[in-house]
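Take a look at the structure below.
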Amino acid sequence: MKSILFIFLLISFSLTVFSQDSQEFIGYLSANKTVITYKITFRLDEKGLLNGESITDIYGSDRTASSISGSYDKINKIISFKEIKNTSTKSNADQNDFCFVNVLNLKLKVLKDNVVLDGGFIGYNSKSKKCAEGKIHLVSSFFFNGLKVDGVNIDSLRQLEKLEISSLASSLVAKEFSLKGNCETSLKWSSKNIIIEVWDNFSEDGDIVNVFIDSKKIGGNVVLRNEKYILKSNFINSKSTIKIVALSEGSTPTTTVNILFIDGVKQIPIIARLKKGEVVCFNLSR
């Protein structure tokens, strides 16, 4: 909920941030001892102009999406952006109570191929009146996914305030949970069931995928939405192959598929960025 009491942001930059592919960063912003989950997805053009979307309270009842714009100064390695307007919200708050994040001149710090940002933000309401001020803590999206795999609950991002970001970056830098098209990876599997959740954490723009388990298509043509689509199958043999194929990139380039493999109590989060016709393949084995 973007109210005077709830504003927060976390961004993170991998070294690929300068490409024109869609970039995704997750984390938190803290204000008045309050933190809340936050994510931004954006593109940079050749002039360094930034356009995209932010999502506040990612998994909560007040999930709110806003359009963002800004710029990146590649010479001085400084980023600035601001939230322009809400594009969707589950919050019941009055529009006048929403407070929009404004970030100016954040300097990038490189830690073993991770880019970490720490700085300040100011929030303004729809009447351009200052409504909040706090600190921004930034980490790359695959860094955040690594935290989830290591047992840090999504709802416990407050722990990041107590942790040393640089040491965490060092321990997680080797973990890559973001895949591009035509990649293949192996997963150890122990459960008798295969449960896969797929969804789109960005704007619902018509991305469509097919999911195959051992060459059998399951779920039909899956239109990616913010709500998770759940696919289930038995894991009878000692090996199984799962393929996800991008059928449509929707109204914006690149199909970004958020994937969660559920192996009993273990969860494996993965983000795949695919062009139309591209495939990611997962080889499961006991």
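The values are calculated or read from the model by the stated rules, or taken from the named source; none is laboratory data. Computed from a predicted structure; not experimentally measured. With ideal geometry, Cβ positions are generated from the backbone for all residues, glycine too; neighbour counts draw on all protein chains shown.
Couple of notes before you dig in:
- Any chance Ile242 is within 23 Å of the chain's Cα centre (by Cα), buried (at least 16 other Cβ atoms within 10 Å of the Cβ) and over 30 Å from Ile68 (Cβ atoms): yes
- Filter pass, Lys228 being among the charged types (D, E, K, R), over 30 Å from Ser67 (Cβ atoms) and out of contact with any helix residue (DSSP H, G or I) (no Cβ under 7 Å at 6 or more places or on another chain): no
- Subset of segment 200-220 that is more than 14 Å from Leu284 (Cβ to Cβ) and surrounded by 19 or more Cβ atoms within 10 Å (Cβ to Cβ) - its residue that is farthest from the chain's Cα centre (by Cα): Val209
- Those strands (runs of 3 or more DSSP E) lying entirely in segment 170-286 with at least 3 residues more than 28 Å from Thr89 (Cα to Cα): 183-188, 193-199, 207-213, 216-223, 229-234, 239-249, 279-285
- Strands (runs of 3 or more DSSP E) wholly inside segment 72-152 that include at least 2 residues being modelled with pLDDT of 80 or more and over 18 Å from Val35 (Cβ atoms): 78-89, 100-107
- Segment 36-68: number of residues that are among the β-branched types (Val, Ile, Thr) and closer than 16 Å to Thr252 by Cα: 3
- Segment 176-188 - residue that is under 19 Å from Leu284 (Cβ atoms) and not hydroxyl-bearing (Ser, Thr, Tyr) and, of those, modelled with the lowest pLDDT: Glu176
- Taken together, Val265, Val211 contain a single residue that is at pLDDT 90 or above, of a type outside the set (Lys, Arg) and not assigned by TED's automatic domain parsing to the domain that holds Thr41, which is Val211.
- Filter pass, Tyr59 being modelled with pLDDT under 90, touching a Leu at 6+ places or on another chain (Cβ under 6 Å) and under 24 Å from Asp205 (Cα atoms): no
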